[in-house]
Amino acid sequence: GPAAAERRGPGRGRDVDDRGTGLLHNFALGTMIALSAGASPRRTPVVEVVEQAGPAVVNIAASARPSPFGRSRTYDAWERFFGRRRAPGRPESRSLGSGVIIDAQDGLVLTNEHVIAGASDVTVILADRRTFRAEVIGADASFDIAVLQMLDAEALPAAELGTSSDLMIGEPVVAIGNPFGLANTVTTGVVSALHRVIEAGDRVYEDFVQTDAAINPGNSGGALLSIEGKLIGINTAIHSEGTGIGFAIPVDKALAVVQEVLRYGEVRPAYTGLIVGPSEAPGARVVGVVPESPAAKADLRVGDIIVDLGGQEVKDASTFRQLQRALIPGRSRRLLVARKGGRRSSVELEVRELDLGRASQVALERLGLRYALRDRRLVLVEVAPRSDAARKGIRAGDILLGLAGRRLRTEEELERLLAALWDADQVTVIVGRGGRAYSVPLALGGLGGFR
């Protein structure tokens, strides 16, 4: 009645049936206009994405024979994540996976490292059924990225590269790959979450895009595409105990790894100069800043609480160390830190390549140890008075026999092991005294132990 019309306001007096009829009329009119223009309502954005990007998604057949060097630990880890095993007793197997052509001129294909791990021969099969032999020109297991180059290939398609920096949770995505060897299978979904951290075996992989687009074994290395048809991720894994839970490496990170792999054959170890410890509040507390390091230049201070690294929540010191070791040299990352008084600051941190000599010096100082090479033995010449080593009875004159489960024979071996421990919180050392060897777990302290 008039009262109801008044509540609806001006222009809203039509009833539901009238409004519904109007919507149907508009839809029918739009369809007629589209058909008259030669378009089809079946030609959806997904169809256009597949036509645009599908030819650049390839099938990878990796022939793997038993290796004299043993099986890849990364390959085993991903098998456990997928919840499957290779058939026992087979002298040769075909590991089917996917890849994406990212450079048509040079024939470069981006895929996962675990797809080609242990492979003796690699073949790339295009959507048009052309087949090319390929060489692995670089791979890094820590980031699960590999770059292949097709041999004698020409007239190749290539994916249009997008960015993962502006992905939105809920936006539509298209996944293309070769699950179970079924070439160029298309699935659709949305971005379910960003910056996911997953564990596979004894490795931790960070900064994944989560999607509910169906990803199955064989999709690894395939394309995750935006609704604009641009490459935004490399499909990598599914959760073996869940449905609709898939993960992809963000394309920005994947391409940064590609640059490292092409130039150096692997990703160089990263270095920030930040040493963290436990915090009462959520986050990682800065307990040390190496002088003249990227952290020092970014004005990070002892006592700062790091709560976010590059958009990923830092729950504790262990989380931060995992994220820090997954950084890529040459890139800057934004940190969110909480300072005294509750004030929060955003800090831009440049990531450098790890300098082995400098990193080993930092690790030694944090251990509170100094040594000298005498008669081919690594002899401790000083122990910092306030260090954990001093509290546990290690003293000058002891011989350093091992570190982190490795026996030490040369000074070069010690330097390499120390460099990998510069940001650790504890390590086990083996010291010799009086003809006996003792295993001693040590906590690494802050800097300035000898001052």
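Taken together, the values in this text are just the output of simple stated rules run on the coordinates, not laboratory data. The structure presented is a predicted model; accordingly, all values stated were derived computationally and were not measured. Backbone-built Cβ (ideal geometry, glycine too); neighbour counts: all protein chains shown.
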Query - Coarse-grained scattering of segment 359-451 at q = 0.18, 0.21 Å⁻¹, given as base-10 log I(q)/I(0) from a Debye sum over alpha-carbon atoms - result: -0.71, -1.01
Report task. Could you tell me, in Å, what Rg and Dmax come out for the Cα atoms of segment 221-313? Result -> 18.0, 48
Query - Dimensions in Å of segment 141-206 - Rg and Dmax from alpha carbons - result: 15.6, 42
Query - Cβ charges +1 (Lys, Arg) and -1 (Asp, Glu), total dipole of segment 297-347, debye - result: 140
Report summary line: With +1 at each Lys and Arg Cβ and -1 at each Asp and Glu Cβ, the charge dipole magnitude of segment 339-385 around its Cα centre, to the nearest 20 debye, comes out at 280
**Report entry** Net charge contributed by nearby residues that have their C-beta within less than 10 Å of residue 274 (K/R +1, D/E -1)
**Finding:** -1
Report summary line: Computed D for segment 321-394, Stokes-Einstein, Kirkwood radius over alpha-carbon pairs, 4 °C, 1.567 mPa s, to the nearest µm² per second, is 82
Query raised in the report: So how long is each side of segment 271-373 along the principal axes, counting just the alpha-carbon atoms, biggest first, in Å?
Result: 48, 30, 22
**Report entry** Mean Cβ count within 10 Å, highest first, over the residues of peptides 154-162, 139-147, 309-317, 429-437
**Finding:** 139-147, 309-317, 154-162, 429-437
Report summary line: Note to self: C-alpha centroids of segment 96-160 and segment 328-375 sit apart, in Å, by 36
Report summary line: Across the alpha-carbon set of segment 125-281, Rg over Rh with Rh taken as the Kirkwood radius works out to 0.99
Query - segment 211-271: Cα Rg divided by the 2.2 N^0.38 Å rule of thumb - result: 1.29
